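To start, the structure itself, in structure tokens.
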Amino acid sequence: MAVYKGEVSTLPPDKSISHRAALIGALASGVTEITNFSGGFDNQSTLEVLQACGITLTQEVTPSERSGSVRRVVIESQGLWSFSRPEAPLMCNNSGSTMRMFAGILAGQPFDSTLVGDVSLMKRPMKRVADPLRLMGAGVSLSESGTAPVEIRGTRDLRPLIYELPVPSAQVKSLVAFAALHADGESRVIESLPSRNHTELMLGLPVEELADGRRAVVISGRRPLEARPFHIPADPSAACFLIALALLVPGSEILLRDVCLNPTRAGYIDLLLEAGANIVLENVREIGGETIGDIVVTHTASLEPLQITDKAVVANIIDEIPMLAVLSACATGSFDLEEAGELRTKESDRISAVVSNLERLGFLCEEYPDGFRVKGRELEVSGKVNIETFHDHRIAMSFAVADRALEAELDISDREIIGVSFPNFFDILEELKA
């Protein structure tokens with residue numbers, strides 16, 4: 001078994017922050033310069049739909065001594081109503097973030113538009129997108145099953161609203177905020193459990209702590225946005241896979257540079273520390289309102305099983321759960337997850353996807369509507385094992401890490417889907433081999 005050692009300064013730029021920087025740049029008056037923008041398929045989909053709606057932008061990749069290359073995006077806009085009617089349906093490909101958040105902007109534009117995606121995205125539920133936009137006065141039509149295509153009849157006369165999120169969702173919170181920027185008055189988005197807060201930070205939106213413990217994000221409509229530069233830190237969700245690799249493989253030690261450590265994104269690190277993981281945070285500082293730092297990870301032989309049963313915890317680690325489940329199963333033979341029904345509506349049904357693949361590896365699992373339990377490994381599988389990714393980049397990467405920690409040879413389907421969020425994933429793995 002190979003050992004993995006070294007320093008990584010080429011992690012993908014943060015996917016969530018890249019989406020938001022591009023969308024905010026298109027809403028702001030002036031020239032927005034974004035450095036270290038993500039080259040992943042999903043973020044490129046956001047740029048493509050902006051261009052299809054008449055937004056002027058350029059993108060260039062320049063060499064960097066430290067990180068290999070840096071992608072720079074420059075967006076020119078005249079403000080909230082700088083978009084033009086697209087000539088065709090807007091293709092979001094596999095990016096649910098693009099479809100959901102851009103819908104909020106399109107609701108405030110005085111034209112009709114349609115958002116579509118690839119086969120996977122067209123199956124994902126969009127009712128949570130439609131509901132608040134309809135309350136604000138936009139027309140939104142979905143398929144009979146509540147999925148895309150998302151047909152939007154936009155209007156310049158959006159109404160402000162007070163909207164309580166039915167379930168924690170940073171994307172729905174953001175789409176309402178983007179729509180509310182166009183509304184005539186003050187809106188509030190109320191969340192009972194905190195979700196990632198990049199949109200509030202990047203727009204400088206005030207957040208009120210309510211008496212009952214809930215939070216209200218306050219959006220003043222029709223307030224001019226002035227263009228400002230953004231720098232995108234490394235993606236903590238991408239870092240999770242390399243952290244798991246180092247923890248699992250004996251003799252491994254990896255240093256990850258300049259990773260976003262926003263508490264609403266890096267909660268999985270706290271979980272791993274509580275489980276005894278050998279993780280050290282260094283050079284922690286703040287840039288543009290985001291906490292950034294370096295992560296040093298060393299193989300940990302005595303990791304405690306992970307038990308994730310708190311709604312608030314689940315809300316902040318939803319993207320990392322597949323890797324955490326595989327990590328805990330491989331390291332301890334045990335894992336417990338509850339309150340995570342949201343995982344069934346991601347790029348795949350991630351509960352079913354993780355369970356079915358773990359079972360192929362000999363693990364005994366019990367699946368239920370909002371989670372699953374790993375109850376040990378009843379069979380040591382050897383030889384080639386087929387792993388089905390269900391066209392989901394996080395399932396593919398999670399089991400690619402397991403492939404390097406287990407004796408079995410894993411044949412992973414659709415490896416190319418990893419390019420959605422982590423185009424240089426396999427290159428980094430090869431570079432880290434000691």
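The values are calculated or read from the model by the stated rules, or taken from the named source; none is laboratory data. In this text, all values refer to a predicted model and were calculated from it rather than measured experimentally. Neighbour counts are summed over all protein chains in view; Cβ atoms, including those assigned to glycine, are modelled from backbone coordinates with ideal geometry. The protein model used for the area step is the full one, side chains on, heavy atoms only, and it has no ligands, DNA or RNA in it. Shrake-Rupley method; radii C 1.70, N 1.55, O 1.52, S 1.80 Å.
Some points to look at:
- The accessible-area ordering, largest first, of the residues ARG394, ARG159 stands as ARG159, ARG394, per a 1.4 angstrom probe.
- Cα-Cα over 30 Å, subset of LYS173/LYS433; LYS173/LYS375; LYS311/LYS384; LYS15/LYS127; LYS15/LYS384; LYS311/LYS433: LYS173/LYS433; LYS173/LYS375; LYS311/LYS384; LYS15/LYS384; LYS311/LYS433
- Order of exposure, largest accessible area first, which applies to VAL167, VAL8 with probe 1.4 Å: VAL167, VAL8
- Probe 1.4 Å - accessible area at LEU379, Å² to nearest ten: 100 Å²
- Label-reachable residues, the stretch 314-354, where backbone N falls under 18 Å from a point 7 Å from ASP370's Cα toward its Cβ: 314-319, 321-322, 336-346, 350-352
- Percent carbon-and-sulfur accessible area, the stretch 218-299, ignoring ligands, DNA and RNA, probe 1.4 Å: 52 percent
- Compactness of the stretch 331-425 - radius of gyration and Dmax, Cα, Å: 13.1, 35
- Gyration tensor (alpha-carbon) shape descriptor, the stretch 380-434, a/c threshold 1.5: oblate
- Separation of the stretch 124-157 and the stretch 182-206, taken as the distance between their Cα centroids, equals 20 angstrom.
- Taking the helices alone, the chain has a mean residue ellipticity at 222 nm of -9000 deg cm²/dmol, built from -39,500 (n - 2.57) per DSSP H run of at least 4 residues and averaged over all its residues.
- Separation of the stretch 391-434 and the stretch 13-65, taken as the distance between their Cα centroids, equals 26 angstrom.
- Nearest-0.05 FRET efficiency for ARG159 and LYS433, computed from C-beta distance (R0 45 Å): 0.20
- Subtracting the Cα-Cα distance of SER356 and THR298 from their residue separation scaled by 0.36 nm leaves 17.9 nm.
- Heavy-atom surface of the stretch 1-153, accessible at 1.4 Å and reported per residue (Å²): 38 Å²
- The peptide list 349-361, 332-344, put in order of mean Cβ contacts within 10 Å with the highest first, becomes 349-361, 332-344.
- Pairs of alpha carbons in the chain whose separation is greater than 35 Å (percent): 27 percent
- Heavy-atom surface analysis with a 1.4 Å probe gives the stretch 338-388 a carbon and sulfur content of 43 percent of its accessible area.
- Global geometry of the stretch 1-158, whether rounded, prolate or oblate, following the gyration tensor of its Cα atoms and the 1.5 cut on a/c: oblate
- Distance (nanometres) between label positions extended 7 Å along Cα→Cβ at PHE426 and ASP310: 3.9 nm
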